[in-house]
Each structure stands twice: as C-alpha cells, then as structure tokens.
Amino acid sequence: MQWYIKVLKNYAVFDGRARRSEYWYFVLFNFIISFAIGFVEGALGMVDPVTGGGGIFSAVYSFGVLIPSIAVGVRRMHDVGKSGWFLLIPIYNFILTVTEGEVGENEYGRDPKGIHEDDITEHLVE
C-alpha cells in the first residue's frame, strides 16, 4: 500500500525513475480499488444495464488516477533507460515494465534501489 500512496503523492511527477515494485504495486492496488468500486456500484444498481458502463464513482476514480498512472508508467520506462513515449507501444511496454531497471545512474536520474555505479566500482576494487 505504501507504493500506491507514494505514486499518489508524486501525482504529476514525470521525471525520475520508478522501481518495478512501485509500478506493479500501484497497478495491483489500482485494480483492487477499481474492482471494489465497481462491485459496490453494481450492488447499488448504479451501473447502466444496457451498456454495462460504470457509475459516477468509477468515472471519478478513473479520472483521479489517470495522471498518476501515466506518471508512474513514464518513470518506470525511465528506470529501464527508455523514453516515456514507449508507453504507447503496448506489448513492448509490458516487457519493459517487468524488466529490471538499469543499475546505477542513467540519463533520467539515480537508481531508485539506491545502487550506484560508484558503489559497484568500490566493491570490484576490493
């Protein structure tokens, strides 16, 4: 849950990097919350029976997490050394989200795992 909150706190931060755990925990909790809202709306009869479309709470929640979802996706692409525009390529985007990020600093920022190239060099010298 801490990763979900962290993404919401960085509401529209598109620079920097996001670890796999930050991205996937956000996706997981976003799915669970969306499912729960849909379930409640269905139980209350707020779903359109003809189209099956969600109610007002689903729409508000979806619009509320739209920007953080894009932002964490862009930061995840940055972690693997790619531009945020790679979000627009669905299958390759999925492959990149499950790929381990680049170790050390890259053009998008420091390693979110706290592993830096200087640390690696020091261990190799010893």
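What are the chymotrypsin sites (Phe, Trp or Tyr not before Pro) within the range 1-91 that DSSP puts in a loop, where the Cβ has at most 11 other Cβ atoms within 10 Å?
Y11
So how many Å³ per residue does the convex hull of the Cα atoms of the chain work out to?
About 113 Å³ per residue, rounded to a whole number.
If you put +1 on each Lys and Arg Cβ and -1 on each Asp and Glu Cβ, how big is the dipole of the chain around its Cα centre, in Debye rounded to 20?
For the chain, the charge dipole is close to 560 debye.
Could you tell me which trypsin sites (Lys or Arg not before Pro) in the range 45-110 are loop residues by DSSP with no more than 14 other beta carbons within 10 angstrom of their beta carbon?
Listed in order of number, the matching sites are R110.
Using a 1.4 angstrom probe, figure out how much accessible area the range 1-112 has per residue, in square angstrom, rounded to the nearest whole.
60 Å²
Percent of alpha carbon pairs in the range 63-105 separated by more than 15 Å?
38 percent
Set the Förster radius R0 to 35 Å, insert the Cβ-Cβ distance between I33 and W85 as r into 1/(1 + (r/R0)^6), and round the FRET efficiency to 0.05.
0.80
Which one, G45, S62, F29, is farthest towards the positive end of the dipole of the chain when Lys and Arg carry +1 and Asp and Glu -1 on their Cβ?
G45
The values are calculated or read from the model by the stated rules, or taken from the named source; none is laboratory data. Small disclaimer: the values here were computed from a predicted structure and weren't measured. Using ideal geometry, Cβ is built from the backbone for each residue, glycine included, and neighbour counts are taken over all protein chains shown. To get the accessible areas, we keep the full protein, side chains included, count just its heavy atoms, and leave off ligands, DNA and RNA. Shrake-Rupley method; radii C 1.70, N 1.55, O 1.52, S 1.80 Å.
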